[in-house]
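Scroll down for the structure; my scribbles are underneath it.
The values are calculated or read from the model by the stated rules, or taken from the named source; none is laboratory data. Keep in mind that what you see is a predicted model, and the values were worked out from it rather than measured. Here the Cβ positions follow ideal geometry from the backbone for every residue, glycine too, while neighbour counts run over all protein chains shown. Just so you know, the surface numbers come from the protein's heavy atoms only, side chains and all, with ligands and any DNA or RNA stripped out. Shrake-Rupley method; radii C 1.70, N 1.55, O 1.52, S 1.80 Å.
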Amino acid sequence: KLGDADDDVASGDLPGTGYPLGYTTPVNVLVDFLGGEITNSTDEGRAMLQLVHDVAPGADLAFHTAIGGQANFANGIIELAKAESDVIVDDIIYFAEPMFQDGIIAQAVDEVVADGAAYFSSAGNNGRDSYESAFNPSGAVSTNFGEFHDFDPSAGVDIFQSITVPVGAQFIVSFQWDSPFFSVSGGAGSPNDLDIFLLDESGTNILASSAFNNIGNDPVEVFGFVNDGSFGTDHFILAISNSDGPNPDFL
């Protein structure tokens, strides 16, 4: 139950003072999430601690929230290792984490693993909801949007990718390509500027998009969409364009 950690101790779900079976060392809470910009905290981290306690009831437990940005996430990994955590687990993702190089979170993981910790992260929750491809120039060029990516792997050309979003469903697109992240590497950043669009079933109206200027910055575009039922369909279209700069190799 949200916010009732003391009850978890009394029921034997977490160790601590008053634990009925002798495991009285409380969870070492380094930094907890106390609200702020996300008001619907679900105590998911505490649920993970309950699972660890079920598997290894004699283990000392520590916790550091990963909410609060990538820097806080990375710092939490380092702090957990400093607190002598031998096994560190997370199930958090930031949609702007680099896919093609190690960002600050992955670098923190590498650091603690090099010092002897075992690190495990959730993987596969959205493993089948993904797409990867070389960038295929379509020859379809728009003055406003640049050249579109060709989704058709054959000799034909198709700049639209059909997707299904059921009524009431939502999804978040994290779109990246193989250019350097300025926020990670410094230097020149991304040499190109790609954009991604969600269109209606006819392909004529843009319903959602991400079209930041990526040149000199990070090669990532993120947007969310909810099919609230007002569109009268669950069929939509994705399109990707290179609005400026050289074509990337891989999406």
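Observations on the structure shown:
- Selected residue (criterion: surrounded by the most Cβ atoms within 10 Å (Cβ to Cβ)) from residues of segment 129-142 that are part of a loop (DSSP other than H, G, I, E, B) and in contact with an Asp or Glu (Cβ under 7 Å, 6 or more places away or on another chain): F135
- Of residues in segment 200-215 being in a loop (DSSP other than H, G, I, E, B) and either under 17 Å from E97 (Cα atoms) or acidic (D, E) (or both), the one most open to solvent (accessible area, probe 1.4 Å): F212
- For segment 180-226, residues that are in contact (Cβ under 8 Å) with a residue 40 or more places away in the chain, among the polar types (S, T, N, Q) and under 16 Å from P246 (Cα atoms) total 2.
- Residues of segment 53-65 that are aliphatic (A, V, I, L, M) and either open to solvent by 60 Å² or more (accessible area, probe 1.4 Å) or closer than 13 Å to Y19 by Cβ (or both): V55, L61.
- Residue in segment 156-166 that is most open to solvent (accessible area, probe 1.4 Å), counting only those that are among the β-branched types (V, I, T) and part of a strand (DSSP E or B): T164
- Checking every residue in segment 156-168 against the condition of being touching a residue at least 40 places away in the same chain (Cβ under 8 Å) and more than 18 Å from I237 (Cβ to Cβ) gives at least one match.
- Given (1) farther than 30 Å from P180 by Cβ; (2) modelled with pLDDT under 95; (3) of a type in the set (G, A, S); (4) surrounded by 13 or more Cβ atoms within 10 Å (Cβ to Cβ), index of the condition S121 fails: (1)
- Top-ranked residue of segment 167-193 - restricted to ones that are over 19 Å from the mean Cα position of the chain (by Cα) and surrounded by 20 or more Cβ atoms within 10 Å (Cβ to Cβ), ranked as farthest from F148 (Cα to Cα): S190
- Hits in segment 222-247 (condition: under 14 Å from F171 (Cα atoms) and either in a strand (DSSP E or B) or open to solvent by 20 Å² or more (accessible area, probe 1.4 Å) (or both)): V222, F223, G224, F225, V226, D228, D234, H235, F236, I237, L238
- Pick from segment 143-155, criterion more than 22 Å from T233 (Cβ to Cβ) and modelled with pLDDT of 95 or more, ranking: surrounded by the most Cβ atoms within 10 Å (Cβ to Cβ): H149
- For segment 92-117, taking the residues that are touching an Asp or Glu at 6+ places or on another chain (Cβ under 8 Å), in a loop (DSSP other than H, G, I, E, B) and open to solvent by 50 Å² or more (accessible area, probe 1.4 Å), the one that is nearest to E132 (Cα to Cα) is identified as F100.
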